[in-house]
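Trainee: Before anything else, here's the structure in question.
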Amino acid sequence: MKMSERLAAIPESYFGKTMGRKIEYGPLPLINMAVGIPDGETPHGIINHFAKRLNVPENQKYGAFHGKASFKQAIVDFYQRHYDVELDAEDEVCILYGTKNGLVALPTCLVNPGENVLLPDPGYTDYLAGVMLADARPVSLNLEPPHYLPDWDKVDKNILNNTKLVYLTYPNNPTGSTATKAVFDEAIQRFKDTNTKIIHDFAYSAFGFDAKNPSILSSENGKDVAVEIFSLSKGYNMSGFRVGFAVGNRDMIQALKKYQTHTNAGMFGALQDAATYALNHYDEFLEQQNDTFKRRRDMFERILSEAGLPFVHSKGGIYCWLKTPPGYESESFEQFLLKEYSILVAPGIPFGENGRNYVRLSLALPDEQLETAAERLATLANLYGK
């Protein structure tokens with residue numbers, strides 16, 4: 001039996017296709033800079049709490065479909081504490097089994113076939129799958145260097161007037177650009193009192209090197225227009241736990257919760273307890289994570305700058321967005337780096353047409369390995385005419 005035409009039409013997931021594959025590389029020890037999985041361990045206190053909660057009888061049975069009151073309250077308290085945003089635990093919070101599930105499901109929950117969805121270019125690769133599964137119409141939201149911020153006046157008015165959803169993501173994956181509150185204020189005011197809603201992917205919220213990253217819900221009327229998708233994977237080194245949540249506009253949240261009652265049967269209770277413990281006890285750890293990646297960014301960018309390599313200055317997140325040399329596009333440069341310098345990077349083209357002449361390098365590596373990678377890359381200065 002063949003797969004459905006709808007599924008067949010969706011491009012292969014870049015990371016689904018590449019993660020775990022056998023890699024043939026050059027003569028040097030391999031340095032894998034392709035995947036943004038934090039290299040540190042999950043804090044032991046979170047692990048210990050998770051292990052303890054495994055023995056609680058209530059956690060060995062079906063739980064409430066929409067999650068424990070204690071987890072939802074921890075989310076409410078976290079947003080109040082960090083962003084001065086008030087949330088209703090029942091109507092404005094939806095627990096997610098990994099944030100990707102929410103990001104991909106939301107178009108099915110909110111968009112009718114043929115309606116426009118604006119997707120950031122460059123932006124996270126799997127937004128497109130969610131739009132195509134909903135039979136909606138993906139439209140590129142052009143983001144230009146060096147700041148990669150939306151310019152709404154440059155979007156065709158006919159497209160804008162017929163857009164149901166807009167995806168934003170700051171800190172931006174892959175470019176490392178960030179948004180100020182003023183950027184979010186403008187977006188909220190632009191779409192307030194329209195039929196257009198915003199999904200803000202806040203996966204890299206913990207990493208703001210020049211300033212703390214604002215929540216889009218902090219903007220006036222933010223909850224009237226937007227939902228925000230928050231991940232525990234990056235900030236807490238909990239990528240294997242697959243826990244996140246959506247918060248914000250209650251109509252969007254209720255649609256997502258209804259969808260989940262048909263596709264999931266409640267998150268494992270001990271997992272919710274571990275996430276609750278993380279949100280309630282590890283604010284200082286988030287600051288340490290930010291300090292670690294800021295130090296790595298400073299070191300990595302300094303070496304590239306001294307060699308004259310062109311890259312986008314990262315203000316947040318865990319990546320470096322490096323321009324390819326003349327004569328190379330992202331995929332050919334990816335193969336060149338792998339075969340000649342044993343560095344595995346992510347080509348920019350899966351992130352959108354604006355990534356055609358860039359590659360994404362993850363900074364989620366031990367300092368010594370990261371410095372070695374930067375020094376190898378610095379020897380390529382001649383390819384850039386330096």
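Trainee: Go over the candidates L232, L168 one by one and state the one that is closer than 30 Å to P113 by Cβ, surrounded by 21 or more Cβ atoms within 10 Å (Cβ to Cβ) and touching a residue at least 24 places away in the same chain (Cβ under 8 Å).
Mentor: L168
Trainee: For the stretch 224-235, which residues satisfy the criterion of being closer than 18 Å to Y83 by Cα and among the hydroxyl-bearing types (S, T, Y)?
Mentor: The answer is S231, and nothing else.
Trainee: Does P310 count as touching a helix residue (DSSP H, G or I) at 6+ places or on another chain (Cβ under 9 Å) and open to solvent by less than 20 Å² (accessible area, probe 1.4 Å)?
Mentor: no
Trainee: Sticking with this structure for a sec: Mind listing just one residue for me: the one in the stretch 155-185 that is among the charged types (D, E, K, R) and modelled with pLDDT under 95 and, of those, farthest from V359 (Cα to Cα)?
Mentor: K157
Trainee: Here's a follow-up. Every residue in the stretch 313-324 that is open to solvent by less than 20 Å² (accessible area, probe 1.4 Å) and under 23 Å from N213 (Cβ atoms), please.
Mentor: S314, G316, G317, I318, Y319, C320, W321, L322 - these are the residues of the stretch 313-324 that are open to solvent by less than 20 Å² (accessible area, probe 1.4 Å) and under 23 Å from N213 (Cβ atoms).
Trainee: I would also like to ask the following. Kindly list the number of the only condition in (1) within 30 Å of N158 (Cβ to Cβ); (2) assigned to a helix (DSSP H, G or I) that fails for V139.
Mentor: Result: V139 fails condition (2) only.
Trainee: Check the stretch 150-157 and report whether any residue there is touching a residue at least 40 places away in the same chain (Cβ under 8 Å) and either over 28 Å from S4 (Cβ atoms) or touching a strand residue (DSSP E or B) at 6+ places or on another chain (Cβ under 8 Å) (or both).
Mentor: no
Trainee: Quick one: which of A51, A74, A8 is part of a helix (DSSP H, G or I) and exposed (fewer than 11 other Cβ atoms within 10 Å of the Cβ)?
Mentor: Only one candidate passes the filter, namely A8.
Trainee: Cβ-Cβ distance below 8 Å, separation of 6 or more or different chains: which pairs start in the stretch 273-299 with a residue that is open to solvent by less than 40 Å² (accessible area, probe 1.4 Å) and end on one that is assigned to a helix (DSSP H, G or I) and among the acidic types (D, E)?
Mentor: Short answer, once both residue conditions are applied: L279/D77; R296/D367; M299/D367; M299/E371.
Trainee: Within the stretch 334-350, track down each residue that is open to solvent by less than 50 Å² (accessible area, probe 1.4 Å) and either over 21 Å from Y25 (Cβ atoms) or part of a helix (DSSP H, G or I) (or both).
Mentor: E334, F336, L337, L338, I349, P350
Trainee: Moving on to the next point. Yes or no: the stretch 355-378 includes at least one residue that is surrounded by fewer than 20 Cβ atoms within 10 Å (Cβ to Cβ), of a type outside the set (A, V, I, L, M) and without any contact (Cβ under 8 Å) to a residue 24 or more places away in the chain.
Mentor: yes
Trainee: Right, another one. Considering the stretch 178-191 alone, what residues qualify as being assigned to a loop (DSSP other than H, G, I, E, B) and buried (at least 24 other Cβ atoms within 10 Å of the Cβ)?
Mentor: T178, A179
Trainee: Hey, any hits in the stretch 330-342 for a residue that's in contact (Cβ under 8 Å) with a residue 24 or more places away in the chain, on the phi > 0 side of the Ramachandran plot and out of contact with any His (no Cβ under 6 Å at 6 or more places or on another chain)?
Mentor: Checked against the condition, which is being in contact (Cβ under 8 Å) with a residue 24 or more places away in the chain, on the phi > 0 side of the Ramachandran plot and out of contact with any His (no Cβ under 6 Å at 6 or more places or on another chain), the stretch 330-342 yields at least one hit.
Trainee: Going residue by residue through the stretch 351-359, is there one that turns out to be under 17 Å from L30 (Cβ atoms), outside any loop (DSSP other than H, G, I, E, B) and not assigned by the TED database to the domain that holds A203?
Mentor: Scanning the stretch 351-359, I find at least one residue that is under 17 Å from L30 (Cβ atoms), outside any loop (DSSP other than H, G, I, E, B) and not assigned by the TED database to the domain that holds A203, so the answer is yes.
The values are calculated or read from the model by the stated rules, or taken from the named source; none is laboratory data. What you are looking at is a predicted structure, and each value in this text was computed from that prediction instead of being measured. Please note: Cβ atoms are built from the backbone with ideal geometry, for glycine as well, and neighbour counts cover all protein chains shown. For accessibility, only protein heavy atoms count, side chains too; no ligands or nucleic acids. Shrake-Rupley method; radii C 1.70, N 1.55, O 1.52, S 1.80 Å.
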